[in-house]
Ligand code: NAP
Ligand code: ZN
Ligand code: ZN
């Protein structure tokens with residue numbers, strides 16, 4: 001038997017979100033019931049509500065940056081107990097058996113089940129998944145992360161997507177002392193990239209459309225800040241960076257950004273443009289450069305990221321809003337007017 005919980009949903013593609021109720025499965029023996037405290041608004045929520053990544057399933061309850069408290073556990077649960085502070089990120093299950101799942105790369109599950117996304121996905125039981133813009137969520141204990149005590153829940157919520165999405169490539173491509181890292185776009189992902197790259201010891205540069213947020217960028221940990229609207233930026237910084245993390249989903253001239261890499265440098269895409277973006281082979285061949293992509297992170301790495309952030313006192317910069325302001329927040333994200341993550345106080349749902 002399912003129970004019903006209060007949520008905010010988009011009833012159809014591109015429609016404003018409105019209050020509703022959705023079913024949640026009954027607590028299984030390996031499940032935990034989480035009272036959601038905060039849910040971050042990721043730009044991916046907006047892409048999916050607007051059906052920019054395929055048709056999508058509606059009504060859609062977005063939200064994959066979930067922080068809350070465990071209130072009940074199934075009979076076989078060993079990892080969590082009631083009262084634990086936990087987070088749920090972009091996926092809530094995977095096959096657990098394929099090579100990627102076994103390697104802790106559940107986000108790239110190649111098994112028959114595939115990675116079960118937290119919302120706009122299909123669960124093991126065949127039912128649609130509903131995300132974090134809701135009062136509660138039921139999730140398998142293995143897909144709920146422990147939020148360390150030092151991290152406030154509102155600042156922790158965005159780590160579950162924005163945080164891990166930049167932590168993973170920064171780790172894989174060796175952001176650290178002596179390495180020059182550029183972050184393109186100072187939004188939700190970008191501001192976390194600045195904080196995490198700085199904490200890892202890298203020399204950080206922000207490449208933003210304008211100098212409007214320069215003071216914030218420097219305060220968050222960047223040493224340099226440049227406007228990409230100024231063509232001189234691309235001349236001045238040619239051949240500068242070991243790693244560029246591009247968080248922008250708009251079409252950028254990737255060749256121009258590849259030109260900012262040193263020999264053997266890498267440009268990693270995490271922003272997801274709607275259409276293919278052209279790249280000339282010569283921009284890669286010249287400096288033996290790499291163009292790569294990266295999708296969120298696995299469960300173990302997400303836990304590692306949360307522990308790293310707690311150790312370094314890193315949370316997201318958040319603007320906490322009541323649920324009735326979700327649609328307004330979407331408009332502000334689209335206008336690059338976010339500093340630097342909207343987080344829904346789910347008690348207002
Ligand atoms: P966001 O908060 O809206 O930040 C994006 C930033 O991009 C903006 O703040 C802005 O920064 C810059 N930007 C926006 N429009 C631009 C344009 N026309 N030209 C150049 N720059 C522009 O979004 P987010 O939540 O960080 O997400 C960013 C992207 O990553 C989205 O596409 C999202 O779907 C994707 N994403 C991917 C993953 C993954 O696993 N790969 C995970 C989460 C999200 P400035 O004002 O500083 O220029
Ligand atoms: Zn996200
Ligand atoms: Zn798998």
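The values are calculated or read from the model by the stated rules, or taken from the named source; none is laboratory data. Source: prediction; values computed, not measured. Positions of Cβ are generated from backbone atoms using ideal geometry, with glycine treated the same way; all protein chains shown enter the neighbour counts.
Put simply, of 269, 236 the only residue that is within 16 Å of ligand 2 (Cβ to nearest atom) and touching a strand residue (DSSP E or B) at 6+ places or on another chain (Cβ under 9 Å) is 269. For region 133-166, the set of residues classified as farther than 25 Å from residue 123 by Cα and part of a helix (DSSP H, G or I) consists of 153, 154, 155, 156, 166, listed by residue number. Taking only region 173-196 into account, find how many residues are touching a residue at least 40 places away in the same chain (Cβ under 8 Å), touching a helix residue (DSSP H, G or I) at 6+ places or on another chain (Cβ under 6 Å) and either within 16 Å of ligand 2 (Cβ to nearest atom) or over 17 Å from residue 342 (Cβ atoms) (or both). Residues in region 173-196 being touching a residue at least 40 places away in the same chain (Cβ under 8 Å), touching a helix residue (DSSP H, G or I) at 6+ places or on another chain (Cβ under 6 Å) and either within 16 Å of ligand 2 (Cβ to nearest atom) or over 17 Å from residue 342 (Cβ atoms) (or both): 10 in total.
Does region 180-188 contain any residue that is within 13 Å of ligand 1 (Cβ to nearest atom) and assigned to a helix (DSSP H, G or I)? Taking every residue of region 180-188 in turn, at least one turns out to be within 13 Å of ligand 1 (Cβ to nearest atom) and assigned to a helix (DSSP H, G or I). Can we say residue 167 is under 30 Å from residue 313 (Cβ atoms) and either at pLDDT 95 or above or within 16 Å of ligand 1 (Cβ to nearest atom) (or both)? Taking the combined requirement at face value, the residue satisfies it. The strands (runs of 3 or more DSSP E) found wholly in region 38-131 and carrying at least 1 residues that are within 15 Å of the chain's Cα centre (by Cα) and within 13 Å of ligand 1 (Cβ to nearest atom) occupy 91-93.
Across region 339-348, which residue is nearest to ligand 3 (Cβ to nearest atom) among those that are outside any strand (DSSP E or B) and surrounded by 21 or more Cβ atoms within 10 Å (Cβ to Cβ)? Can you show your working first?
Applying the first criterion (outside any strand (DSSP E or B)) to region 339-348 yields 339-340, 346-348.
Applying the additional criterion that residues be surrounded by 21 or more Cβ atoms within 10 Å (Cβ to Cβ) yields 340, 346.
On the way: 340: 33, 346: 30 Å.
Filtering first and then ranking leaves 346.
Conditions (1) within 16 Å of ligand 3 (Cβ to nearest atom); (2) assigned by TED's automatic domain parsing to the domain that holds residue 19; (3) surrounded by fewer than 18 Cβ atoms within 10 Å (Cβ to Cβ), marked per residue:
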{"residue": "51", "(1), (2), (3)": "no, yes, yes"}
{"residue": "57", "(1), (2), (3)": "no, yes, yes"}
{"residue": "67", "(1), (2), (3)": "no, yes, no"}
{"residue": "72", "(1), (2), (3)": "no, yes, yes"}
{"residue": "109", "(1), (2), (3)": "yes, yes, no"}
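Can you tell me which residue is surrounded by the fewest Cβ atoms within 10 Å (Cβ to Cβ) among those in region 197-214 that are outside any strand (DSSP E or B) and touching a residue at least 24 places away in the same chain (Cβ under 8 Å)? Going through the qualifying residues, I end up with 201. The listed residues are 256, 335, 238, 347, and the only one of them that is without any contact (Cβ under 8 Å) to a residue 24 or more places away in the chain, more than 14 Å from ligand 1 (Cβ to nearest atom) and over 24 Å from residue 106 (Cα atoms) turns out to be 238. Considering only region 215-240, state which residues are in contact with a helix residue (DSSP H, G or I) (Cβ under 7 Å, 6 or more places away or on another chain) and buried (at least 18 other Cβ atoms within 10 Å of the Cβ). Those that are in contact with a helix residue (DSSP H, G or I) (Cβ under 7 Å, 6 or more places away or on another chain) and buried (at least 18 other Cβ atoms within 10 Å of the Cβ): 217, 220, 221, 222, 225, 226.
When residue 287 is tested against (1) within 23 Å of residue 318 (Cβ to Cβ); (2) assigned by TED's automatic domain parsing to the domain that holds residue 173; (3) more than 16 Å from ligand 1 (Cβ to nearest atom), exactly one condition is not met: (1).
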